[in-house]
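Following: one structure in structure tokens, then a few remarks.
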Amino acid sequence: MRIDVQRNQNLIFKAISKLNKGGETININKVAKITGLNWKTVSKYFKNDFLLKDL
């Protein structure tokens, strides 16, 4: 797997964990804000199970 894809996976996973610990709802915009990625990139990871299957 490409290094940038792995990096994005880790960023998204950490953001989801942070939101989950805080008891907040998890949506694409909040994850994008925390990770610094744009919402289109984050939505690709949410829509494609292959990219998030290792998490």
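Any read-out appearing in this document is the output of simple, stated calculations on the displayed coordinates, not a laboratory observation. In this text the structure is predicted, and so the values were computed from the model without any measurement. Here Cβ is always computed from backbone atoms with ideal geometry, including for glycine, and neighbour counts include all displayed protein chains.
Its DSSP H runs of at least 4 residues, each contributing -39,500 (n - 2.57), put the calculated 222 nm mean residue ellipticity of the chain at -22000 deg cm²/dmol, to the nearest 500. All Cα-Cα distances of the chain, cut into 5 Å bins from zero to the largest, leave 4, 22, 33, 27, 11, 2, 0 percent in each bin in turn.
Listed by chain and number, the lysines placed with their C-alpha closer than 22 angstrom to that of K21 are K30, K33, K53; residues fewer than eight positions away on the same chain are left out. Taking the number of Cβ atoms within 10 Å of each Cβ as an exposure proxy, the fewest-first ranking of I34, I3 is I3, I34.
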